[in-house]
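K.L.:
One structure, pasted below without further comment.
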């Protein structure tokens with residue numbers, strides 16, 4: 001009898017363990033990177049923007065395909081050529097219990113262009129604003145200098161902070177948690193840089209209630225370690241599953257993969273501005289005039305790159321050769337632009353025509369822990385350029401070091417990535433190809449300082465053109481001019497892959513974000 005009782009107890013214990021695992025109150029995510037800051041307006045970069053959505057909310061949300069949805073604003077409409085009215089959601093509170101009102105929106109809009117030392121700001125999203133008018137606690141009107149048809153899309157790129165808790169606070173106050181008080185689905189528990197970020201469920205959240213009481217995010221930059229952590233059960237879900245691991249993980253019955261074509265462009269930025277650029281020399285090491293000021297040299301670099309080979313071999317099919325800044329089918333994309341064909345002989349001919357028949361020396365810089373196979377991509381591009389006579393060395397480094405140096409314009413040729421904040425192409429033009437203008441927020445991520453007055457003119461005209469067809473045509477024309485002039489060199493669009501333990505699945509997003517609200521419990 002005693003033996004039978006022990007068996008029953010053991011069985012019950014196993015059942016209880018199984019139930020408690022199935023109903024786990026914690027969710028642990030193993031993500032490739034972590035934020036540079038918890039200040040949601042400090043640095044417009046994916047890791048920051050993604051985790052900002054744990055703590056804060058946007059006025060206007062984007063769904064998994066970046067289509068606009070109500071957020072803290074329930075409706076928005078133009079009430080005049082230069083005025084947009086936003087009706088705000090009732091009953092929303094910040095994590096400290098204080099009410100969300102129009103004062104917080106006004107404060108946020110005025111704070112964004114004034115965050116000190118921002119390496120890539122959100123000023124582009126608010127630069128059209130002339131005045132912010134509070135009509136009542138739940139109604140705000142935004143007046144612009146000129147018509148601003150894209151204002152709702154711009155407002156979908158940033159989150160709203162609390163005036164009460166953020167006024168007078170610094171970026172470091174957000175990082176410490178003192179000012180990191182939002183209306184989002186989770187509250188900050190702790191951020192230990194390089195180790196973990198812990199969030200607790202906000203039970204007063206206005207939106208979907210999370211099934212998890214706690215979210216633990218572990219930054220795991222090493223691809224192999226991230227996959228091993230998923231397989232061992234140390235984490236429940238990972239992002240950026242390496243292409244080399246996809247096939248064997250697909251055969252693992254305990255793991256579910258989710259794939260999504262993304263708007264993440266991997267591209268080269270080239271210093272096309274300075275007369276002498278830091279890492280370019282003649283073949284004998286002598287200082288020479290910056291060859292990338294010549295559009296023929298930039299075009300030669302583009303022709304030298306075998307995009308199909310990078311997509312097939314390095315990315316193992318999880319990439320699409322890129323023709324412009326946003327994949328086909330999004331607003332403002334050109335049907336005329338195609339991915340540059342691999343043409344090494346054409347590249348050599350252009351170098352000769354530009355006066356560099358024997359090429360020159362250059363260093364390509366890039367991160368080695370930010371994008372899928374970023375270090376390998378840089379190495380492959382270096383080999384391809386060397387074959388056409390541009391003797392190329394590679395210098396990759398952790399993203400924490402890389403982006404600060406790239407923003408300080410220390411490099412001549414840079415491997416970078418970009419995903420549209422707004423779900424269309426004007427955002428990319430404004431950030432990457434428009435002439436750098438800190439005051440207006442243009443060119444915030446234009447690290448090559450490319451400048452073309454015609455691109456600027458077309459874009460700026462588009463941004464004040466209300467007619468959708470004419471607006472779109474101007475964006476397409478600006479894109480064709482900038483890409484035709486090789487202001488940047490598009491390489492490919494990433495196909496993002498997430499892996500999760502059995503019982504979970506992820507609805508992959510085109511912006512690459514990993515958001516708990518879109519994790520499906522089966």
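All of the numbers you see were taken from the coordinates with simple rules; none came from a lab. The shown structure was predicted, so the numbers you read here are calculated from the model rather than taken from an experiment. Cβ placement follows ideal geometry from the backbone for every residue including glycine, while neighbour counts extend to all protein chains displayed.
K.L.:
Rounded to the nearest Å, what's the spacing between the alpha carbon centres of region 382-408 and region 283-342? Just the number, please.
P.N.:
15
K.L.:
Can you tell me the relative contact order of region 29-219? Whole percent, Cα pairs under 8 Å, sequence separation 6 or more.
P.N.:
This gives 27 percent for region 29-219.
K.L.:
Quick one: in region 266-410, what % of C-alpha pairs are over 25 Å apart?
P.N.:
30
K.L.:
Calculate for the chain the 222 nm mean residue ellipticity that helices alone would give, adding -39,500 (n - 2.57) per DSSP H run of length 4 or more and normalising by residue count, nearest 500 deg cm²/dmol.
P.N.:
Numbers: 14 runs with 143 residues, N = 522.
When only DSSP H runs of four or more count, the value is -8000 deg cm²/dmol.
K.L.:
Return a whole-number percent for the relative contact order of the chain, with Cα pairs under 8 Å and 6 or more residues apart as the contact set.
P.N.:
Relative contact order comes out at 19 percent.
K.L.:
Length gain on complete extension for the stretch residue 234 to residue 383, per 0.36 nm per residue less the alpha carbon to alpha carbon distance? Provide the component values of the computation, followed by the final result.
P.N.:
Working: separation 149, 0.36 × 149 = 53.64 nm, distance 3.82 nm.
Extra length available between residue 234 and residue 383 comes to 49.8 nm.
K.L.:
Report the Cα centroid-to-centroid distance between region 63-87 and region 187-263 in angstrom, as an integer.
P.N.:
Value for the Cα centre distance between the two parts: 31 Å.
K.L.:
Where both partners of a DSSP beta bridge lie in the chain, what percent of those bridges are antiparallel, to the nearest 5?
P.N.:
Within the chain, antiparallel bridges account for around 75 percent of the total.
K.L.:
Restricting the count to DSSP beta bridges whose residues both fall in region 264-493, what percent are antiparallel, rounded to a multiple of 5?
P.N.:
Given both bridge residues lie in region 264-493, the antiparallel proportion sits at roughly 60 percent.
K.L.:
Among DSSP beta bridges whose residues both lie in region 29-219, state the antiparallel percentage, nearest 5. List each step's numbers first, then the result.
P.N.:
Details: 33 of 37 bridges.
DSSP beta bridges in region 29-219 are roughly 90 percent antiparallel.
K.L.:
Take peptides 481-493, 85-97 and line them up by average Cβ neighbours within 10 Å, highest first, as a rough protection proxy.
P.N.:
Top to bottom by mean Cβ count within 10 Å: 481-493, 85-97.
K.L.:
From the Cα gyration tensor of region 98-147, with a ≥ b ≥ c the square roots of its eigenvalues, which class applies: rounded if a/c is under 1.5, or else prolate if a/b is larger than b/c, or else oblate? Please list the in-between numbers first.
P.N.:
Values: a/c = 3.34, a/b = 1.33, b/c = 2.52.
In terms of gyration-tensor shape, oblate.
K.L.:
Sticking with this one: Can you compute the modelled spin-label distance between residue 189 and residue 287, with each label point 7 Å from Cα toward Cβ, in nm?
P.N.:
5.6
K.L.:
Would you work out if region 370-522 is rounded, prolate or oblate? Take a ≥ b ≥ c from the square roots of the eigenvalues of the alpha-carbon gyration tensor; rounded if a/c is under 1.5, else prolate when a/b is larger than b/c, oblate otherwise.
P.N.:
In terms of gyration-tensor shape, oblate.
K.L.:
Mind ordering 368-378, 171-181 by average Cβ neighbours within 10 Å, highest first? Could you put the intermediate results ahead of the total?
P.N.:
Working: 368-378: 21.2, 171-181: 18.7.
Highest mean packing first, the order is 368-378, 171-181.
K.L.:
How high is the relative contact order of region 308-380, in percent, counting Cα pairs under 8 Å that sit 6 or more residues apart?
P.N.:
Taking the mean separation of contacting Cα pairs over the length of region 308-380, I get 25 percent.
K.L.:
Would you kindly state how much longer the chain becomes between residue 336 and residue 167 on full extension, computed as 0.36 nm times their sequence separation minus their alpha carbon distance, in nm to one decimal?
P.N.:
Stretched out fully, the residue 336 to residue 167 stretch lengthens by 56.0 nm.
K.L.:
Separate question: Which order do the peptides 274-284, 45-55 take when ranked by the mean count of other beta-carbon atoms within 10 Å per residue, highest first?
P.N.:
Ranked by mean Cβ neighbours within 10 Å, highest first: 45-55, 274-284.
K.L.:
Would you compute, for the Cα atoms of region 29-219, the largest minus smallest coordinate along each principal axis and list the three values in descending order, in whole Å?
P.N.:
49, 35, 34
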